[in-house]
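Shown next, in structure tokens, is the structure this report addresses.
The values are calculated or read from the model by the stated rules, or taken from the named source; none is laboratory data. All values derive from a computational prediction rather than experimental measurement. Every residue, glycine as well, gets a Cβ built from its backbone with ideal geometry; the counts of neighbours run over all protein chains shown. The accessibility values were calculated without ligands, DNA or RNA, using every heavy atom of the protein model including side chains. Shrake-Rupley method; radii C 1.70, N 1.55, O 1.52, S 1.80 Å.
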Amino acid sequence: MVNFLEVERPVNGRRYAISDIHGCANTFKALVDQIKLSINDHLYIIGDLINRGPKSFEVLDYVIELKSKGYQVFILMGNHEQIILHAANKSLALRKRIVQTYHSENLLDEAGNLKITYKELLEEAFHYLVLDDYYLVHAGFNFKEGVPFQDVQYMLNARSFKAKKKYIGERKIIIGHTPTDLSKIVQRIKSQKRKLCIDNGCVNFNSKEQGNLLCLDLDNYAIHLFRNIDQ
């Protein structure tokens, strides 16, 4: 079943989008501090909060903390959230092997099960969000089949697609999933293209054009970024 939400603009607040944190908790916290997130703001995290980086558990703990304090944080499902949720139903040995592969062992409790607070948070993640001027989705929509808002696997795993005005009207689509060089991200945002990727490959800290966690102000297209400090 597709889990989506239509979101109204915040009252007296700003709208920020971040994608593909990938366990870089220190960088994530620093970026949130940099934008001075307030209770009135909306923070949209466009999937892949976890895996690959060193502190997936701390990213989720921080999101849970923000939400408990009344911050309006909206989580989208990414392919890495799906991987961990699927692993939760596998054998103990396989589950441990999967989390070890992605450096996410601390997502499990002492018995080797996905911690219940993390499981609940990830299971509540949306496949996409509808704003009055944007669609937010982790990877993309399958416009080829004529049912773009039903193909969940495409939403989580697409690598390329063409945004079709026939289906989205005047809205733009914000995605992550595919690490993209900063110069290309900036160029497309300045040109206000119909499809905007904001994944600058935070975990790719050895790349000159990548290695930043990027935050886009959806109200004025301002770009905020923080260089990876988790490597």
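So for the range 69-122, averaging the separation of alpha carbon pairs under 8 Å that are six or more residues apart and normalising by length, what relative contact order in percent results? Could the numbers behind the result be given before it?
Values: 26 pairs, mean separation 16.1, N = 54.
Computed over the range 69-122, the figure is 30 percent.
When only the heavy atoms of the protein chains count and the probe is 1.4 Å, how do MET77, MET1 rank by accessible area, highest first? Don't skip to the end; give the middle numbers.
Details: MET77 15, MET1 215 Å².
My answer, sorted largest first, is MET1, MET77.
Ordering ASP151, ASP41 by accessible area with a probe of 1.4 Å, largest first, what comes out?
On the way: ASP151 45, ASP41 5 Å².
Ranked from most to least accessible, the order is ASP151, ASP41.
Among LYS164/LYS184; LYS29/LYS195; LYS36/LYS144; LYS172/LYS208; LYS115/LYS162, which pairs are too far apart, with a Cα-Cα distance over 32 Å?
Values: LYS164/LYS184 21 Å; LYS29/LYS195 27 Å; LYS36/LYS144 40 Å; LYS172/LYS208 28 Å; LYS115/LYS162 38 Å.
Beyond 32 Å between Cα atoms: LYS36/LYS144; LYS115/LYS162.
Could you sort LYS184, LYS193, LYS208 by their accessible area in this structure, using a 1.4 Å probe and putting the largest first?
On the way: LYS184 120, LYS193 80, LYS208 195 Å².
From most accessible down to least: LYS208, LYS184, LYS193.
Along the Cα→Cβ direction, 7 angstrom out, place labels at ASN3 and GLN150. What is the inter-label distance in nm?
2.1
If you count only protein heavy atoms and use a 1.4 Å probe, how large is the accessible surface of LYS96, to the nearest 10 Å²?
It works out to around 90 Å².
May I ask you to give the percent of accessible area on the range 64-212 that is carbon plus sulfur, with a probe radius of 1.4 Å?
On the way: 3500 of 7500 Å².
C and S fraction of accessible area: 47 percent.
Can you show me the helix-derived [θ] at 222 nm for the chain, built from DSSP H runs with n ≥ 4 at -39,500 (n - 2.57) apiece and divided by the number of residues, rounded to the nearest 500. Write down the numbers at each step before the final one.
Values: 8 runs with 70 residues, N = 231.
The helix contribution divided over the chain gives -8500 deg cm²/dmol.
Starting from the amide H of LEU225, placed 1.01 Å from N in the peptide plane, find each other amide H under 5 Å away whose residue is 5 or more places distant or on another chain.
Placed amide hydrogens put CYS215 under 5 Å from LEU225.
Relative contact order for the range 1-65: what is it in percent, counting Cα pairs under 8 Å that are at least 6 residues apart?
Numbers: 82 pairs, mean separation 26.6, N = 65.
Relative contact order of the range 1-65: 41 percent.
Could you work out Rg/(2.2 N^0.38 Å) for the range 13-54, with Rg from alpha carbons only? Walk me through the numbers before you get to the answer.
Details: Rg = 10.7 Å, N = 42, 2.2 N^0.38 = 9.1 Å.
The reported ratio for this selection is 1.17.
For the range 1-59, which trypsin sites (Lys or Arg not before Pro) pass both filters: DSSP loop (anything but H, G, I, E, B) and at most 11 other C-beta atoms within 10 Å?
On the way: sites: ARG14, ARG15, LYS29, LYS36, ARG52, LYS55; in loops: ARG14, LYS36, ARG52, LYS55.
When the trypsin sites (Lys or Arg not before Pro) of the range 1-59 are filtered for loop state and at most 11 Cβ neighbours within 10 Å, LYS36 remain.
Across the chain, what fraction of all alpha-carbon pairs, as a whole percent, falls in each successive 10 Å bin from zero upward?
8, 35, 38, 17, 2, 0
So what is the relative contact order of the chain, in percent, for Cα pairs below 8 Å that sit 6 or more residues apart?
Details: 502 pairs, mean separation 55.0, N = 231.
It rounds to 24 percent for the chain.
Fully extended, how many nm does the chain gain between TYR221 and SER38 (0.36 nm per residue separation, minus their Cα-Cα distance)?
Working: separation 183, 0.36 × 183 = 65.88 nm, distance 1.84 nm.
Full extension of this stretch gives 64.0 nm more.
Restricting to DSSP loop positions (anything but H, G, I, E, B) with no more than 11 other Cβ atoms inside 10 Å of their own Cβ, which GluC sites (Glu not before Pro) remain in the range 130-231?
Of the GluC sites (Glu not before Pro), the ones in loops of the range 130-231 whose Cβ has at most 11 other Cβ atoms within 10 Å are GLU145, GLU170.
What whole-number value in Å² describes the accessible area per residue of the chain for a 1.4 Å probe? Present the calculation step by step, with values, prior to reporting the outcome.
Working: 10770 Å² over 231 residues.
Solvent-accessible surface per residue comes out at 47 Å².
So between LYS29 and LEU85, what do we pick up on full extension, going 0.36 nm a residue minus the alpha carbon distance?
Details: separation 56, 0.36 × 56 = 20.16 nm, distance 2.42 nm.
Difference between extended and current length: 17.7 nm.
Please list, in order along the range 215-222, the HN-Hα scalar couplings obtained from phi with the Karplus expression 6.51 cos²θ - 1.76 cosθ + 1.60 (θ = phi - 60°), rounded to whole Hz, x for Gly and Pro.
Calculated HN-Hα couplings, in order: 10, 10, 7, 6, 8, 9, 6, 5 Hz.
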